[in-house]
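Read the figures in this text as sums done on the coordinates, not as results from a lab. What you see is a predicted model; the values in this text were computed from it and never measured. When we count neighbours, we look across all protein chains shown, and the Cβ atoms used for this are built from the backbone with ideal geometry, even at glycine.
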Amino acid sequence: MEVLVVHAKSGKELGAFSVTESTSIGDLKKQYQRKYGKYYPERQSYRTDPRGKMLKDEDRLGSLDLGNRGKLYFKDLGPQVGWTTVFLTEYAGPLFIYLIFYARPSIIYGSLADTPRATVVNIAAGCWSFHYAKRLLETVFVHRFSHATMPIMNIFRNSSYYWGFAALVAYFVNHPLYTVPSYGDAQIYGGLALFILSELGNLSIHLAFKNMRPAGSKVRKVPYPCGNPFTQLFNFVSCPNYTYEALSWVGFSVMTQCLPGMIFIFI
Ligand SMILES: NC(=O)c1ccc[n+]([C@@H]2O[C@H](COP(=O)([O-])OP(=O)(O)OC[C@H]3O[C@@H](n4cnc5c(N)ncnc54)[C@H](OP(=O)(O)O)[C@@H]3O)[C@@H](O)[C@H]2O)c1
């Protein structure tokens, strides 16, 4: 049998390919690349309807009911870059940027930087560094991504968000004229406790996701709580890693009494 590949937007015919019922979308992508060299598999996406859902690599043409010489709609996803590369770039930046403001304040604030630093500023630098070191380690050792790549533009968009906010938060928290929280130690350590618990919750969910997906697979099970009490939030939402991430920054903002952390997580 043959399948006709048509451009999803323009409707232009891009070629007919010899396939069988057992040919998968992944196999078709390889055939397409042999014809059009620059479109490597991660760049291609196929649909049975121009506005329909993107087909998975594992989908077999026989199961799609395309008929003899059926049509598939092609879309170019644009140049791709590895997920791990994007994550490592977006998380390494905030670590370095924040630590420049903290460890070398004279570069940013000039002679004002000689003012003694409050304890909460040291705690905040510890929290910030811990969070991003954790994200870097999770990217390498915990996450099991289902897609190898994402569009290259994401690296610029994501990095400007993370790097920009790192500079904004660091500028205010490390500022020599920074004033300590109004309610003193109770506010600082209350915020710190929320931050630590939320980071543990976030890590617990990332580990739970990892354990739900066997190595090398793309299995995406409906998540349920496991033995770890932090995973009880799965009873309410399917992505409590974000709930915990948001709470971490609420804790950080309470602890430092600084608004930029809240704007960061709001966005
Ligand atoms: N501060 C911020 O503004 C901000 C914004 C975004 C993210 N983050 C942080 O970055 C972390 C990761 O972000 P993300 O967007 O990649 O989170 P995510 O979409 O929840 O995914 C985290 C990992 O778990 C996998 N996963 C998700 N659901 C699964 C399931 N049901 N079964 C098996 N595996 C599953 C994902 O695989 P797939 O590859 O299949 O998706 C991915 O590898 C967040 O939890 C958060 O801590 C922070």
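In this structure, the pairs whose alpha-carbon distance is over 30 Å, taken from Lys38/Lys134; Lys134/Lys218; Lys9/Lys210, are Lys38/Lys134; Lys9/Lys210.
Listed by chain and number, the lysines placed with their C-alpha closer than 18 angstrom to that of Lys35 are Lys12, Lys71, Lys75; residues fewer than eight positions away on the same chain are left out.
Using Cβ point charges alone (K and R +1, D and E -1), the dipole size of the chain about the Cα centre works out to roughly 900 debye. For the chain, the relative contact order is 17 percent, taking Cα pairs closer than 8 Å that sit 6 or more residues apart in sequence and dividing their mean separation by the residue count. Sort out the exposed loop GluC sites (Glu not before Pro) in the chain (DSSP loop, at most 16 other Cβ within 10 Å) and tell me the longest stretch that has none. The segment 59-267 is the longest one with no such site. Amide H to amide H distances under 5 Å link Gln80 with Ile152, where only residues 5 or more positions off or on other chains count and H is placed in the peptide plane. Pull out a ≥ b ≥ c, the square roots of the eigenvalues of the alpha-carbon gyration tensor of region 81-266, then state rounded if a/c is under 1.5, prolate if not and a/b is larger than b/c, and oblate in the remaining case. Verdict is oblate for region 81-266. Taking R0 as 25 Å, what's the FRET efficiency between Ser129 and Phe266 from their Cβ-Cβ distance, rounded to 0.05? Between Ser129 and Phe266 the formula returns 0.65.
Are there any trypsin sites (Lys or Arg not before Pro) in region 186-267 that are in a DSSP loop and have at most 10 other Cβ atoms within 10 Å? List them by number.
Of the trypsin sites (Lys or Arg not before Pro), the ones in loops of region 186-267 whose Cβ has at most 10 other Cβ atoms within 10 Å are Arg220, Lys221.
Legend: calculated FRET efficiency, Tyr39 to Val219, from the Cβ-Cβ distance at R0 = 25 Å, rounded to 0.05, equals 0.35.
Restriction of the chymotrypsin sites (Phe, Trp or Tyr not before Pro) in region 135-209 to DSSP coil positions whose beta-carbon has at most 13 other beta-carbons within 10 angstrom yields Tyr183. If the chain linking Met212 and Ser146 were pulled fully straight, counting 0.36 nm for each residue of separation and taking away their Cα-Cα distance, it would gain 22.5 nm.
Using a/c under 1.5 as the rounded threshold, could you call region 2-78 rounded, prolate or oblate? The axes a ≥ b ≥ c are square roots of the C-alpha gyration tensor eigenvalues, and prolate needs a/b larger than b/c, oblate otherwise. Cα axes put region 2-78 in the rounded bin.
Specify whether the C-alpha gyration tensor of region 1-157 places it in the rounded, prolate or oblate class, a ≥ b ≥ c being the square roots of the eigenvalues: rounded for a/c under 1.5, otherwise prolate if a/b is larger than b/c and oblate if not. Prolate is the answer for region 1-157, as a/c is 1.5 or above and a/b outweighs b/c. With a Förster radius of 22 Å applied to the C-beta separation of Tyr242 and Thr89, the computed FRET efficiency comes to 0.60. Of the trypsin sites (Lys or Arg not before Pro) in region 1-60, the ones in a loop by DSSP (not H, G, I, E or B) with at most 11 other beta carbons within 10 Å are Lys9, Lys12, Lys38, Arg51, Lys53.
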